[in-house]
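S.K.: Right, I'll just put the structure down here and ask away after.
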Amino acid sequence: MLEHLGPGVAGVDEAGRGPLAGPVTVAAVVLSRPLPGLRDSKKLAPIRREALAQKIREEALAWAIVSAGTWEIARYNILHATLRAMDRALAHLPCRPARILVDGNRVLPHWKAEPVIQGDGIIDAIAAASILAKVARDREMRILDRHYPLYGFAAHSGYPTARHVEALGRYGPTPFHRRDFGPVARTGRMGHGT
C-alpha cells in the first residue's frame with residue numbers, strides 16, 4: 001500500500017531517461033485523495049497503466065505532463081534535460097503544492113523539493129506521476145513507430161533492445177535518436193530520415 005500524504009503534496013517522476021531515442025517525459029501530480037491500484041508504472045500491465053492514467057487525469061487535484069526532446073537532451077545532457085522538464089511540469093501545475101517529492105536522489109534547482117529513492121513504490125503521488133509520464137511517453141513512441149517502422153519503437157519504446165541496436169546498425173539513427181548515447185554514437189553516420 002502506497003503512502004498518501006495529503007492534497008498539498010506533488011509527486012514528480014520521469015519516464016525515458018535510459019532509451020536511445022525519443023523524449024524524456026515528466027509528470028507532476030497532486031492527488032486529493034488515495035486512488036486504489038497505484039504503483040510503480042513499470043510494475044503495471046500496459047492496459048492497467050492506461051486505465052489508471054485516465055483515472056488520475058479525471059480525479060487528481062492537479063497534474064501536468066512535459067517532455068524534453070532529443071535536441072534538449074543533446075544540449076543539456078539527459079540529467080539536466082530531465083531536471084529542466086521537472087521544473088516546467090511543476091510550473092504548469094494550476095496550484096502551488098506545499099510539498100514536492102521527486103522520485104530518485106536528485107534535488108531540483110528551482111524548487112524546494114525532497115528526493116525519495118524508489119519513491120514510485122512508496123508515495124502514491126509519485127506513483128501517479130510515474131504512470132502519467134510512462135503512458136504519455138509510450139504514446140509518443142507509438143507515433144514515432146508509425147513514421148519509422150523499421151526501428152520497432154512501439155515494441156521497445158526506444159530502449160536498447162537487440163532489435164533496436166540491430167536496426168540502428170542497419171539503417172542508422174533517425175532525427176529522434178540521442179546521438180550522444182553509446183550505441184547511437186557508434187553508428188557514426190546519419191541515418192534514416194536525416
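S.K.: Springs between alpha-carbon atoms under 10 Å, Gaussian network over the chain: tell me which of L44, L83, L168 tops the mean-square fluctuations.
M.R.: Looking only at L44, L83, L168, the largest GNM fluctuation is found for L44.
S.K.: Reachable aspartates and glutamates from K134, Cα under 13 Å, same-chain residues fewer than 8 places away excluded?
M.R.: D13, E14, D40, E50, D120
S.K.: Sequence gap at least 6, Cα distance under 8 Å: using those rules, report the relative contact order of the stretch 146-185 to the nearest whole percent. It would help to have the intermediate numbers written out before the result.
M.R.: Details: 21 pairs, mean separation 12.8, N = 40.
Computed value for the stretch 146-185: 32 percent relative contact order.
S.K.: Fewest Cβ neighbours within 10 Å first, please rank S67, S41 accordingly.
M.R.: Values: S67 21, S41 26.
Neighbour counts put them in this order, fewest first: S67, S41.
S.K.: In what order do Y171, Y151 fall by count of nearby beta-carbon atoms within 10 Å, going from fewest to most?
M.R.: So the ranking, lowest neighbour count to highest, is Y171, Y151.
S.K.: With a ≥ b ≥ c the root eigenvalues of the C-alpha gyration tensor of the stretch 9-142, is it rounded (a/c under 1.5), prolate (a/b larger than b/c) or oblate?
M.R.: oblate
S.K.: Using 0.36 nm per residue of separation minus the Cα-Cα distance, give me the extension gain between H147 and S32 in nm, one decimal.
M.R.: 37.5 nm
S.K.: A further question on this structure: Please arrange K55, K43, K112, K134 by counting, for each residue, the other beta carbons lying within 10 Å of its beta carbon, fewest first.
M.R.: Ascending number of Cβ neighbours within 10 Å: K112, K43, K55, K134.
No lab work stands behind these numbers, since they all come straight from the coordinates. Everything numeric here is computed off the predicted structure, so don't read it as measured data. Every residue, glycine among them, receives a Cβ derived from its backbone with ideal geometry; neighbour counts consider all protein chains shown.
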